Amino acid sequence: ADYVKANGTLKTGNYSHTWSNLISNTNYNIYVLPIDLASNAGKLSTLAVKTQAFVPQVNIERGNVAAKSITATFTPNADCAEYYLMIAPATQSVDAATIKANNEKQTAASTKTFENLTSNTAYKIYALPVDVDGFYGELKSETIKTKELKPQTTVTVGGVATKSATVTFAPNADCV
């Protein structure tokens, strides 16, 4: 009570106050100490309040999937101040600390192509949303398997004569 009396703001009559710049999803105590005309303190009242939590989220949408690359689009919601993203083999254990340590951070919607992947392999793409106060949202992941590498060459005979033959070879994109 003495601390509230010494450090509080003295007001009279009905009064409404808004505290700004609080931290989301945090418990606060509001103290009210009534004072009589002789400056005697009454009973200290405490009101516990908790600020609402932001709910930062990131949507992951798969784009082009090839044998050696995967493209994904990341779309954060309004509560998401930033997000971290990464890709890892689906068999690898990944947590929020690992994703943040990877330090690939975005603050707006983005499209990323992960390259130099292994063909015919399952990968997990991760997005870790963070609100303006640094609290993590729900870790999102999307499992995507790269396509099988199938190198092929098409051979077309263009013309055959008595002493010559014309042949065209056309490799596909997987034939390196």
### Query
To the nearest Å, what is the center-to-center distance of the stretch 123-151 and the stretch 97-114, using C-alpha atoms only?
9 Å
## Note on the structure
Taking a crude spin-label model, label points 7 Å out from Cα along the C-beta direction, the residue 97 to residue 15 distance in nm is 4.6 nm
### Query
Expressed as a rounded percentage, what relative contact order does the stretch 110-176 have, with Cα pairs under 8 Å and six or more residues apart?
26 percent
### Query
In debye, nearest 20: dipole of the chain around its Cα centre with unit charges on the Cβ of K, R (+) and D, E (-)?
400 debye
### Task
Could you do me a favour and compute the accessible area per residue for the stretch 42-113, 1.4 Å probe, result in Å²?
58 Å²
### Query
Which FRET efficiency value, to the nearest 0.05, do you get for residue 47 and residue 143 by plugging their Cβ-Cβ distance into 1/(1 + (r/R0)^6) with R0 = 35 Å?
0.15
### Message
Ignoring everything except DSSP H segments at least 4 long, calculate the 222 nm mean residue ellipticity for the chain; use -39,500 (n - 2.57) per segment, divide by total residues, nearest 500.
### Response
-2000 deg cm²/dmol
### Message
Taking the Cα centre as origin and putting +1 on Lys and Arg beta-carbons and -1 on Asp and Glu beta-carbons, what dipole magnitude results for the stretch 50-147, to the nearest 20 debye?
### Response
400 debye
### Query
How much of the accessible area of the stretch 82-176, in percent, comes from carbon and sulfur atoms when a 1.4 Å probe is used?
48 percent
### Task
Determine which residues of the stretch 57-97 fall in the zone a paramagnetic label at residue 107 would reach in this model, i.e. backbone nitrogen under 20 Å from the point 7 Å along Cα→Cβ.
57-59, 74-86
### Summary
Gyration tensor on Cα atoms of the stretch 126-166, a ≥ b ≥ c root eigenvalues, a/c under 1.5 rounded, else prolate if a/b beats b/c, else oblate, says prolate
### Query
Among 122, 137, 35, whose Cα sits farthest toward the positive end of the charge dipole of the stretch 17-176 (+1 at Cβ of Lys/Arg, -1 at Cβ of Asp/Glu, about the Cα centre)?
122
### Message
In the chain, if the dipole is taken from +1 on Lys/Arg beta carbons and -1 on Asp/Glu beta carbons about the Cα centre, which of 13, 70, 60 is farthest to the positive end?
### Response
70
### Task
Go through (1) 71, 33, 29; (2) 95, 40, 28; (3) 123, 29, 18 and flag the label whose value is the computed Cα extents along the principal axes in Å for this structure.
(3)
### Task
Rank 137, 42, 63 by mean-square fluctuation in a GNM of the chain with C-alpha springs under 10 angstrom and give only the top-ranked residue.
42
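The values are calculated or read from the model by the stated rules, or taken from the named source; none is laboratory data. Model, not experiment: these values are computed from the prediction. With ideal geometry, Cβ positions are generated from the backbone for all residues, glycine too; neighbour counts draw on all protein chains shown. The protein model used for the area step is the full one, side chains on, heavy atoms only, and it has no ligands, DNA or RNA in it. Shrake-Rupley method; radii C 1.70, N 1.55, O 1.52, S 1.80 Å.
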